[in-house]
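The values are calculated or read from the model by the stated rules, or taken from the named source; none is laboratory data. Because the structure is predicted, anything quoted here is derived from the model rather than measured. Glycine also receives a Cβ, built like all others from the backbone with ideal geometry; neighbour counts cover every protein chain displayed. Calculation scope for accessible area: heavy atoms of the full protein, side chains included, ligands and nucleic acids excluded. Shrake-Rupley method; radii C 1.70, N 1.55, O 1.52, S 1.80 Å.
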Amino acid sequence: HYPSVEQIDWRGELAVAPDDAVQILVAGITWREIDDHKNHTPRLRDRAQRVSKQLSQWLRAAPATLRKGVTIAGALRPPVIDFAAEGLDPANHDDVLVATALAYQRAHAEDRVVLVTQDGYPAARALEFGLVVHELPDHLR
């Protein structure tokens with residue numbers, strides 16, 4: 001059993017300076033994929049329902065504090081980005097995730113935006129755009 005998002009030491013994991021804060025942004029496409037898992041095996045369905053319910057509670061109070069120096073909020077609207085000009089496909093969920101991170105980074109150039117993913121394709125695409133990518137260690141996945 002892996003830790004839930006609020007149990008992870010994000011500040012340590014992302015090597016954040018002691019006085020800097022971490023804000024976890026949940027992309028709309030990520031939440032939709034979680035909801036899609038509600039239609040699978042009972043174990044996956046139950047986990048997806050739990051996670052979706054927790055996200056709902058946190059995002060109603062956004063930004064909600066998960067632990068000292070760590071908040072969570074939603075980036076639920078589709079990214080405002082020219083998918084074709086960027087070479088991204090709006091029908092591909094991974095490309096939408098990358099577009100969300102890219103659009104956020106461009107709108108918040110002063111912030112360090114890190115895409116946390118375990119998947120190779122969105123990681124590679126994010127790196128093409130100069131985004132920082134972080135893969136969690138096995139014990140946190």
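Observations on the structure shown:
- Flag for Val113 being open to solvent by 80 Å² or more (accessible area, probe 1.4 Å), without any contact (Cβ under 8 Å) to a residue 24 or more places away in the chain and of a type in the set (Val, Ile, Thr): no
- For the range 96-110, the set of residues classified as surrounded by 13 or more Cβ atoms within 10 Å (Cβ to Cβ) and not basic (Lys, Arg) consists of Val96, Leu97, Val98, Ala99, Thr100, Ala101, Leu102, Ala103, Tyr104, Gln105, listed by residue number.
- Screening the range 7-66 for residues that are open to solvent by 80 Å² or more (accessible area, probe 1.4 Å) and β-branched (Val, Ile, Thr) and picking the one that is modelled with the lowest pLDDT gives Thr41.
- Once the range 10-21 is narrowed to residues that are out of contact with any Asp or Glu (no Cβ under 9 Å at 6 or more places or on another chain) and touching a residue at least 40 places away in the same chain (Cβ under 8 Å), the residue that is nearest to Pro137 (Cα to Cα) is Glu13.
- Residues in the range 7-63 that are closer than 22 Å to Gln105 by Cα and acidic (Asp, Glu): Glu13, Asp19, Asp20.
- Selection of first residues in the range 43-59 that are under 19 Å from Ile29 (Cβ atoms) and of second residues that are small (Gly, Ala, Ser) and modelled with pLDDT of 90 or more, restricted to Cβ pairs under 6 Å at least 6 apart or on distinct chains, gives the following pairs, ordered by first then second residue: Trp58/Ala64; Leu59/Gly74.
- Residues (without any contact (Cβ under 8 Å) to a residue 24 or more places away in the chain, open to solvent by 40 Å² or more (accessible area, probe 1.4 Å) and outside any loop (DSSP other than H, G, I, E, B)) located in the range 117-141: Gly120, Ala124, Leu127, Glu128, Val132, Val133, Asp138
- Selection status of Ala101, on the phi < 0 side of the Ramachandran plot and under 13 Å from the mean Cα position of the chain (by Cα): yes
- In the range 67-85, the residues that are assigned to a helix (DSSP H, G or I) and open to solvent by less than 50 Å² (accessible area, probe 1.4 Å): Phe83
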